[in-house]
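The values are calculated or read from the model by the stated rules, or taken from the named source; none is laboratory data. Everything numeric in this text was worked out from a predicted model, so none of it was measured. All Cβ positions, even for glycine, are placed from backbone atoms using ideal geometry, and neighbour counts span all protein chains on display. Note: areas computed on protein heavy atoms with side chains; ligands, DNA, RNA excluded. Shrake-Rupley method; radii C 1.70, N 1.55, O 1.52, S 1.80 Å.
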There are 2 protein chains.
Amino acid sequence: MIELTQRDQIVLEAIITDYIETGEPVGSRTISKRSVMNVSPATIRNVMADLEEMGLLHQPHTSAGRIPTVKGLRLYLDSIMRSRQLGGTEKERIRGALQNRPQDIAELLRGTSLLLSQFCRQAGVVLWPRQSIASFKHIEFLRLGPNDIMVILISKAGLVHQTHIESKEEIVQAELDKYSLYINELLRNVPFSRVKQRIREEMEGEKALFDRLFSRALQLANRAIQYAIEDSSIYIEGKTNLLDNPEFAHVEQMRRILQAFEDKSKMIRLLDEALKASTGIQIVLGTEGELLREWQEMSLVSAPFRRGDTPLGVLGVIGPLRMDYSRIIPIVEFTAQFLSQMLEIADEA
Amino acid sequence: MIELTQRDQIVLEAIITDYIETGEPVGSRTISKRSVMNVSPATIRNVMADLEEMGLLHQPHTSAGRIPTVKGLRLYLDSIMRSRQLGGTEKERIRGALQNRPQDIAELLRGTSLLLSQFCRQAGVVLWPRQSIASFKHIEFLRLGPNDIMVILISKAGLVHQTHIESKEEIVQAELDKYSLYINELLRNVPFSRVKQRIREEMEGEKALFDRLFSRALQLANRAIQYAIEDSSIYIEGKTNLLDNPEFAHVEQMRRILQAFEDKSKMIRLLDEALKASTGIQIVLGTEGELLREWQEMSLVSAPFRRGDTPLGVLGVIGPLRMDYSRIIPIVEFTAQFLSQMLEIADEA
DNA sequence: TTTAGCACTCTTTTGGGATGAGTGCTACCA
DNA sequence: TGGTAGCACTCATCCCAAAAGAGTGCTAAA
């Protein structure tokens, strides 16, 4: 849709690179000196004027340099994403950091989030929608009160989920124990994606139709698993890194941004979109809509991690629009790949 | 140790009240107008000079008003703590907010922390050292890998704790099931404070001496419970409220403070001190030592919640030295009392 | 002992001038 | 015709000095 000559592209890229580095508006002199092609500032100025007309650059005031607009950034990112590469040493560091993590999946995910935040010096996020708990391992019903049942659900990968369920009728622990036995037998190793179907089948089977006990057990299990599926967990680490970005020097902005983090459900929705939308790396820039209103000046780089072809969750980095994408994109991408591997191993065992 | 005339006291209190409200140094004119006793600014100035000499007030620069020192604040707090009272409506609001919380203890504690932060417009904290999980309810051993066992431990109050344990020898699930049965029978309803002793006794009993299975089970349970006891959980909510305080307008300070929150273990130690030290409400002011170095300008108001006479945990509010103590102290105190009641009920059932 | 008065101190605010970065435009060159 | 040098012009920012304002300490008087 937008026609750029090669020179336009070079200038745009030079401006963005410089802007990302310094955070200041970039002037024509700077580009002229720095760029490979030897042209005078005046020439650059002409190009800049063109780019501004196309809506790719913006001038804060008459006598300032240019900064890229979101549209300009987007164009740049589309081109950078082709040539992403991560150095071997950096790959090693990521591998090392993740491999020594404990077996506990929750810890692994939190660790990944922390890792991203430290490597990118921004906030790291990992979303794990529970639908993806892979395979069923164990369920346990415990009586807390006359009508109050606690259900503990554990996936093969070792992720624990707990729910409370209110029961209309009073119930004794002995009966709950029978439920546990029955359901554990029924669902052993069934992938979570097929659990609900399996329960439905069983409910229509003979046992459940004629035996009240089985039918109750199935109902309870169904409810508990429903809760577990709906519940996602999200790990956000390194928020304080954001304070280092000079663009958030004002306490006002800072508060707005940090507050947005506190609303977990919003964050989950946000990342869930990213998960659904993408098969590979994805970047959402502030004003491009999907993000919250409080985040106009923020940006999210995300990538799904998966098992085979089914996505399990999504991880990424949140920071200001002005981030070092050329570094962050490959980091996010590699981390997603590597985490996928780790999870595969954990679930195999 | 410090001799204050009644007038000294009134002036000190007036200055502190005003300072807490405005955050600005307070001048003699302001006090003269505001205070009950009718004296001229000049008189006040004399008193102020005295108070300053005693180290209770401080003058940022020659031509500024006075602000209280930590020492002055402390004196004021000691006197205010006697006359704390909370309005009936406020009590009702706290009751209402907590009573509708879900049965889930973890949620209850997080909710309490949130409540404190919202009511006081500062950060709220709740520390729950696991030693206090009250009574044993259920344990479950699950085989994740050949040498990898997951242990789920549940208290009567419904708090779930999970640990991974590595086993030297390979183990099968069937054996673990036997362990679960045995330990559950053994420890049913035993208060956590006595669990370790109970295990020790059993270890020396006949069963364990002659049967390898029992002895293994006891060992594993012992380790798992050890982990559970050492692990404490802490809930910190409403950190962004701190951003509203004008004293933290500078990003530098803000980062320092928010970063201190990220180190959970430090926070746990801090609150643990508060738990051990006190039987009632307790206030730690920045420079008084216990607090972290990063927190010189902060203050913690805390109170333990308990069951009968044994303290279960501690809750409180963290904010700047300049807080509305006259409101926060009774809130913290009442919340602690009320939470104690709630927990008693939860553990009874 | 209290108070009124006053000189004094120090911070904060205000405004104008200098500075400098960067632009747009025009005229000129290859 | 595309590129370049030159130049006038525009703003934000820095700096400094003057003014304003808040509050004190001290002295002398009631």
So if I take the alpha carbon set of segment B:6-81, get Rg, then get Rh from the Kirkwood formula, what is the Rg over Rh ratio? 0.92
Net +/- balance of residues flanking A:F210 in space, Cβ distance below 15 Å, scoring K and R +1, D and E -1: -1
Segment A:110-126-segment A:1-51 distance, computed between alpha-carbon centres (Å): 32 Å
What's the buried accessible area, both sides, between B and A using a 1.4 Å probe, rounded to 100 Å²? 2800 Å²
Size of the dipole of segment B:136-230 about the Cα centre, Lys and Arg at +1 and Asp and Glu at -1 on the beta carbon, nothing else charged, in debye to 20? 360 debye
Which of A:I149, A:I329, A:L275 sits closest to the plus end of the dipole of chain A, meaning its Cα is farthest towards the positive end, when Lys and Arg get +1 and Asp and Glu get -1 on the C-beta? A:I329
Which shape class applies to segment A:136-230: rounded if a/c is under 1.5, otherwise prolate when a/b exceeds b/c and oblate if not, where a ≥ b ≥ c are the square roots of the Cα gyration tensor eigenvalues? oblate
Please report, to two decimal places, log10 I(q)/I(0) for segment A:70-152 at q = 0.14 Å⁻¹ as given by the Debye formula with identical point scatterers on the Cα atoms and no solvent. -0.77
Tell me whether the protein assembly as shown comes out rounded, prolate or oblate; compute the Cα gyration tensor, take square roots of the eigenvalues as a ≥ b ≥ c, and use a/c under 1.5 as the rounded threshold. oblate
Hey, which aspartates and glutamates would be in cross-link range of B:K33, C-alpha to C-alpha under 19 Å, not counting anything within fewer than 8 residues on its own chain? B:D8, B:E13, B:D18, B:E21, B:E24
For B:T62 and A:E247, what does the FRET efficiency come to when R0 = 45 Å and r is the distance between their Cβ atoms, rounded to the nearest 0.05? 0.70
Normalised contact order of segment B:198-333, rounded percent, pairs of Cα under 8 Å and 6 or more residues apart: 15 percent
From the protein chains alone at 1.4 Å, what is the descending order of accessible area for B:E237, A:E169, A:E53, largest first? A:E53, A:E169, B:E237
Where the label is 7 Å out from Cα toward Cβ, how close does A:E24 come to the same position in every other copy, in nm, shortest first? 3.6
How much accessible area per residue does the protein assembly as shown have, in Å², with a 1.4 Å probe? 47 Å²
By the Cα gyration tensor axes a ≥ b ≥ c (a/c under 1.5 gives rounded; else a/b larger than b/c gives prolate, otherwise oblate), the shape of chain B is prolate
Helix-only [θ]222 nm of chain A, DSSP H runs n ≥ 4, -39500 (n - 2.57) each, per residue, nearest 500: -16500 deg cm²/dmol
Quote the relative contact order of chain A in percent (integer), defining contacts as alpha-carbon pairs under 8 Å separated by 6+ residues. 18 percent
Cα centroid separation, segment B:138-216 to segment B:255-313 (Å): 34 Å
Compute the long axis of helix B:41-53 from its Cα atoms, compare it with the longest principal axis of the Cα atoms of chain B, and write down the angle in degrees, 0 to 90, nearest 10. 40 degrees
Count of Lys pairs (Cα-Cα under 30 Å; at least 8 positions apart or interchain) in segment B:180-276: 9
Relative to the longest principal Cα axis of chain B, at what angle does helix B:325-348 sit, 0 to 90 degrees, rounded to 10? 20 degrees
